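The values are calculated or read from the model by the stated rules, or taken from the named source; none is laboratory data. Quick caveat, the model's predicted, so the values are computed rather than measured. Positions of Cβ are generated from backbone atoms using ideal geometry, with glycine treated the same way; all protein chains shown enter the neighbour counts.
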Amino acid sequence: MTENIKESEQKPKARIWTSILPLFVFLGIAGASYSLLSTDERNVSTLPSALLDKPAPDLGVPPLEGLQQDGKQVPGMAQAMFQGKVSIVNVFASWCVPCRQEHPQIVKLGQDDRLQIVGINHKDSTKNALGFLAELGNPYDVVGVDRKGRASIEWGVYGVPETFIVNKKGRIIFKHVGPVNKRGLEEKLMPIIEDALQSAS
């Protein structure tokens, strides 16, 4: 009799926990997701690149047809172009909202004549990519079209936007995951860029 009473008391408790547990799980996931989405200073160390301190991928990426600068077609990507210059490689797409948010910072980098700004247009249409750059301005000296995402895989990209710094020897020295904001540009990227510019290698 006593055992039956204990069992009947335990059943409502079990039902309560069964009802509440999914709510706690949902709140935990929602909180983690909000934390990740609400910050544009995501911790790069949590998403390390296997390519850091290694040469930029050796692959040709075709140009964005119709994108012109000074009356000439903007070239596509080739590994040889990274030699002797500090390059900023930015993976972007017209459909990517954070790409639009970070674009003023990429434009600002493009105003620095010491740098080569390289764009990888990720899984986009020619028309939309051209429209994006016509509307917001084209900071890129080079744009490679990565229609199927193969080049992005070679660069170890997790998602757009992502930005890499490549030194004068053509080696990847830094990777930024997510949109670059003003503070991130000034406090994180620019010190690394300045060091790379001053380095002989």
Leu130 being more than 25 Å from Asp58 (Cβ to Cβ) and among the aliphatic types (A, V, I, L, M): yes
If I filter region 153-171 down to residues being out of contact with any Lys or Arg (no Cβ under 8 Å at 6 or more places or on another chain) and of a type in the set (Phe, Trp, Tyr), which single residue comes out as surrounded by the fewest Cβ atoms within 10 Å (Cβ to Cβ)? Tyr158
Out of (1) under 23 Å from Lys108 (Cβ atoms); (2) among the hydrophobic types (A, V, I, L, M, F, W, C); (3) surrounded by 22 or more Cβ atoms within 10 Å (Cβ to Cβ), the one Phe174 does not meet is (3)
Before we move on, is Asn138 under 11 Å from Gly76 (Cβ atoms), crowded, with 20+ Cβ neighbours inside 10 Å and touching a Leu at 6+ places or on another chain (Cβ under 9 Å)? no
Contacts under 6 angstrom Cβ, first residue in region 146-173 being within 21 Å of Gly184 (Cα to Cα) and of a type in the set (Ser, Thr, Tyr), partner modelled with pLDDT of 95 or more and in a strand (DSSP E or B), 6 or more apart: Thr163/Asn90; Thr163/His176
So in region 178-201, with the set limited to residues that are modelled with pLDDT of 95 or more and among the hydrophobic types (A, V, I, L, M, F, W, C), which one is surrounded by the most Cβ atoms within 10 Å (Cβ to Cβ)? Val180
